[in-house]
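Structure record follows, encoded as structure tokens.
The values are calculated or read from the model by the stated rules, or taken from the named source; none is laboratory data. Since we're looking at a predicted model, the values are computed, not measured. Here the Cβ positions follow ideal geometry from the backbone for every residue, glycine too, while neighbour counts run over all protein chains shown. All accessible areas refer to the heavy atoms of the entire protein, side chains included, with ligands and DNA or RNA removed. Shrake-Rupley method; radii C 1.70, N 1.55, O 1.52, S 1.80 Å.
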Amino acid sequence: MKLHSGDVMESSSCPRLIQQPGLCKPPHSLRVNIDGSSFIVDKTVLSESCEYFRALFQSGMRECKQEDIHLQCVGALGFLVMLRVLAGEHPVLSSDQIVEAIQCAAFLQVPALTDHLINIINSENCLLMYHTATTYGVWELSHSSALFIRDMYVDLKDDLLTLPKKLVDYIESLLPSSYMAVCSHSPSTELLKDIQRTVCYLDEDAREWKVLTHLPVSASTTMAGVAVLDNKLYIIGGVHDVSKKVVETGFCYNPAANTWTTICGPQQLRYNFTLIGHEGCLYALGGEYNMKALSSVERYGVSNGSWGFVSPLPCPAASVVSAVAMNRIFISLWRGKGATDIHEYVPQLDQWLLVTTLIREQSYGLYMVAHKDNLYVMRNGPCEDFLLCVMDCYNLSSGQWTAMSGQYGNSKSSLFTAVVRGDSVFTLSRQLTTEYTVEDYRWRVKREMKGFGRVGSIYTFLMRLPKDTVSLMGNSQNLTRDQNLRDRPRVSPQCSDNL
């Protein structure tokens, strides 16, 4: 979008912040002039959201009382992006918009704008984000871009030659994300330890699965909530056995220290629920208790170590399908007759908002992952194709559904383990671990590796593993050679709570 000299931005862009031209300025408004373009903006919003304007309005200087100010340090294009973000929009940006938005975030100190830029990092813009953010000193964005590039290092290796060496060195110093898996296991005992009760990682160089750590003996991953938050693995709830007695203690694994610790469980006992890690909090969604589906949702604040109820699900549901796209929480709820509703949870409002509904005859949503601003919903095929897995893609920016080309046949069960890293999707089964490349509306097989070799339900996720921890726990423990596992020494990490 180009801005021309003398333009006054209209309310259609950001209704809360900008007034239509020709109208009187409302109270507490400010005219901001940038490169011949004028913006009439709510002073309160600027003061709440921008460190620059907060300091200006509190300085006592002449400018803090003026109704018109001129900004020389930012461009009109970047300022407009900032206003759209502050109005609650989630715009996908062009290269020019990205550069000016980073400049705006740097000079005006706008955390919400920085957060939005982090949320839209992808393979097309990550190098631009990294270099520009480093240039302007937007360090959080610079670091997040570098982490993204590290995860796609092999695919972007040739493009990295365009960056200064010190920037490449920083990328190479970071830990890449590893594809992780843990099976369903009931609690064990010290006397009858189950060697299969392990958390594993994919060694992509060796193309095989290896053991990272053993589960605490009292932890259950059967019908539990499993999630990663701030590079720590959380296992909450789960059941002891077929009686479905709930494990009331939660467990947290820190790969940096190679230790397990305990945390309190949710206030509502629940199993078969969904656990999501997001913005310093864990969310326990729905589930069951005493064979009754739950709609309640609880949030655990890591900083204060306590659970509290938030807005419940739109309806009672167990095993809620979820995904985080552009740092936004989405769930998929099947409501019968082939209808699958997609809802978004907005933490700031504590509300579930209906985003869209997918209707496919005799079909229902089973799993969901996110890539860029797309949600991929995997579901069973209709009628005679019930055992096939087909996919539909919902684009959050356009609001359009697109049926994915091709069907994934026997890989249906493995797609329920899908995890996205960069432009890759990893899936696994007992026989095969597959990496797909996400293309426009098709996933293309990139490479195949050894399968996981375990039975039962599987939880998969990404974590960044320190080399020291991997060296200690891995030592070439290859899960595909089950007969050798019995002969290897067991390494059981000691956690701070003597698990």
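So the values come out like this:
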{"item": "Apportionment of accessible area to carbon and sulfur, the range 237-310, percent (1.4 Å)", "result": "49 percent"}
{"item": "Contact order relative to length of the range 68-207, as percent, for alpha carbon pairs under 8 angstrom and 6 or more apart", "result": "16 percent"}
{"item": "Across 245/450; 157/467; 372/467; 165/446, pairs whose alpha-carbon gap is larger than 32 Å", "result": "245/450"}
{"item": "Karplus-derived 3J(HN,Hα), 6.51/-1.76/1.60, for each residue of the range 345-350, Hz, glycine and proline x", "result": "9, 10, x, 5, 9, 6"}
{"item": "Surface accessible to a 1.4 Å probe, per residue, for the residues of the range 151-289, Å²", "result": "40 Å²"}
{"item": "Kirkwood hydrodynamic radius of the range 95-134, from inverse mean 1/r over distinct Cα pairs, in Å", "result": "10.0 Å"}
{"item": "P(r) tail fraction, the range 115-243 - alpha-carbon pairs more than 21 Å apart, %", "result": "55 percent"}
{"item": "Cα centre as origin, Lys/Arg/Asp/Glu Cβ charges: the range 173-317 dipole, Debye", "result": "340 debye"}
{"item": "Cα shape, the range 214-347, gyration tensor, a/c 1.5 rule", "result": "oblate"}
{"item": "Surface share of carbon and sulfur [accessible, 1.4 angstrom probe, percent] for the range 161-227", "result": "58 percent"}
{"item": "Label-point separation, residue 242 to residue 264 (7 Å along Cα→Cβ), nm", "result": "3.5 nm"}
{"item": "The range 108-198: trypsin sites (Lys or Arg not before Pro) falling in loop per DSSP and having at most 16 other Cβ within 10 Å", "result": "157, 193"}
{"item": "The range 93-166: GluC sites (Glu not before Pro) in DSSP coil with no more than 15 other Cβ atoms inside 10 Å", "result": "124"}
{"item": "Of 271, 228, 216, farthest towards positive along the dipole that unit charges on Lys, Arg, Asp, Glu beta carbons give the range 215-293", "result": "271"}
{"item": "Sparse-neighbour loop sites [trypsin sites (Lys or Arg not before Pro); the range 437-473; at most 16 other C-beta within 10 Å; DSSP]", "result": "442"}
{"item": "Rotationally averaged projected area of the range 38-155 (alpha carbon convex hull; nm²)", "result": "7.3 nm²"}
{"item": "Environment charge of residue 308, counting only residues whose C-beta is closer than 14 Å and scoring Lys/Arg +1, Asp/Glu -1", "result": "-1"}
